[in-house]
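Report on the following structure.
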Amino acid sequence: MWNRNGTMNLLRIMLVGLAAVIVLAASVGAYWYMGSLSHEYAWEATFDAATTVTKATIILPLPARDGISPVADAIADGKLAGVPPGWDLAVLEDGEMRMLRISATAITPRPPRTPDPLPEGDEGPTGPRNAGNAGESPIILSISVPSPSSIATHHPDGTEPLLLPKQNLTSVACDVPHSPSMPLVCSRYDTLLYSRYDAAFPDALTVSVSAGGRNEWWILGWSGNAYHDTVIATLAGDGWQTAPGRLVAGEGRYSVL
C-alpha cells in the first residue's frame, strides 16, 4: 500500500513531468512561431472591360505613408505581375501620395471560356453545362513585398501605408462576416481616380484597387491578421473622378495561440 510520503512523491513527479511538458510545448510553439513569422504588404488592381477600350490612360493610387510606398520601387523595377504586352507604367509622386499611371494602346476583354462538351447522349439537366463559366476574365496586376517588421494591422490609419488621397473618412458598421472576438474596425471614404480612353460606349471600364498588410505565422496551422484598403469604381474616361473606398482593419487573430 502507498503511504502518504509515497503519494506525495508521486504527485511531485507528476507535477514536474507536467511542467516539463508545458515548457517543451511552449518551446516548440515559440520555435514554430519565430521560424514562420512573416510580414507582407500587397497591392492589386483588377480591370474589367465591357468592350475594347483604346488610347487608355489610367492613374490609380498606390499605398503610401509620409511619401513612402512599400511597393513603388518594386513596380518601378518591373516586378508587377500580370502586366499585358503594350502597357507602359510609371510611378508618380505628388506630395505624400504615390500613384501608378498606366498607358495602354488597348484594353481588350478576354475571350469567353468555352463550355465543356457534354458526353454523347447526355443532354444535361435543363440547360447547357457550365454555362456559368462563360464570360470575360478580368486583367489582374499584383505585387507583394516583405516588411522587415510587424505591421500595425489593427490601427493602420496614420501608422501604415494606405491608398491616398482619403477624403471624408468616416467610421461605419462592418458588414464583413467575422467572429465577435475579432477586433474589426471599418471606415468608408472618398478618393480620386483618373481615366481617359476611347470606347464604343461610356463607362466601359470597371477597376478595383486593393492594398493591405498582413502578419502571418504557423503553430499547428496558419494564422495571422491583416488590414485591407479597397476602391472599386466604373471609370468614366473623362478625367478625374471621385470614387468610394473602404478600409477594414483588425481582421484575423491577434493572440499567438
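Under a 5 Å amide H to amide H cut-off, with H placed in plane at 1.01 Å, what residues pair with LEU62 once short-range neighbours are removed?
Placed amide hydrogens put ARG98, MET99, LEU100, LEU164 under 5 Å from LEU62.
Under 13 Å from the Cβ of THR153, count the other residues' Cβ atoms, weight Lys and Arg +1, Asp and Glu -1, and hand me the total.
Result for the neighbourhood of THR153: -4.
List the residues, sorted by chain then number, that are 5 or more residues from GLY237 or on another chain and whose placed amide H is less than 5 Å from its amide H.
When sequence neighbours closer than 5 places are left aside, the close amide H contacts are SER195.
Between rounded, prolate and oblate, where does region 126-257 land on the alpha carbon gyration tensor, with a ≥ b ≥ c its root eigenvalues, rounded for a/c under 1.5, else prolate if a/b exceeds b/c? Don't jump to the answer; show the numbers that get you there.
Working: a/c = 2.08, a/b = 1.39, b/c = 1.50.
It is oblate, given that a/c is not under 1.5 and a/b is not larger than b/c.
Tally Lys/Arg at +1 and Asp/Glu at -1 over every other residue whose Cβ is under 10 Å from the Cβ of THR57; what's the total?
On the way: positive: LYS55, ARG101, ARG196; negative: ASP88.
So the surrounding residues net to +2.
How many angstrom lie between the C-alpha centres of region 225-239 and region 34-92?
13
I'd like the chymotrypsin sites (Phe, Trp or Tyr not before Pro) in region 187-257 restricted to DSSP loop residues with at most 16 other Cβ atoms within 10 Å, sorted by number.
TYR254
Every read-out reported here was derived from the displayed coordinates using simple, explicitly stated rules and does not represent laboratory data. On a predicted model such as this, the values are computed, not experimentally measured, just so you know. Cβ sites come from the backbone with ideal geometry, for glycine too, and all protein chains shown count toward neighbours.
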